[in-house]
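Okay, so here's the structure we're looking at.
What follows draws every value from the coordinates through simple rules; no lab data is involved. Since we're looking at a predicted model, the values are computed, not measured. Here Cβ is always computed from backbone atoms with ideal geometry, including for glycine, and neighbour counts include all displayed protein chains.
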Amino acid sequence: MEQSVTPVDRENTLRPLLSPTQVAELFGCSLANVYYMCHSGVLTFIRIGPTGEGVGRLAFDPRDVEAFIAARKTKAKRKLRNNSRYFTTT
């Protein structure tokens, strides 16, 4: 008997949520900065626990964190000139 194999939909699979501390470590910033980004509306978060303003703990979907990083990637606007003050040749 042949079994059919269903491809895994990686986009819709559940992933463990990240804590504010984990996000701060990924971003290389302070925990206070993560909270500021959340409450200023820049970073999407999930409130776990009781509802209400400032109640419950925050958690982050890894896909939202990845999207946040991807949206903030920038390309160099111009090439740097080879200046011996900034570059050394070996």
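Brief remarks on what is shown
- Rule-of-thumb Rg ratio for the range 20-71 [Cα; 2.2 N^0.38 Å; N residues]: 1.09
- Relative packing of peptides 21-33, 63-75 - highest average C-beta neighbours within 10 Å first: 21-33, 63-75
- Rounded to the nearest 20, the size of the Cβ-charge dipole of the range 20-71 about its Cα centre is 100 debye, with Lys and Arg at +1 and Asp and Glu at -1.
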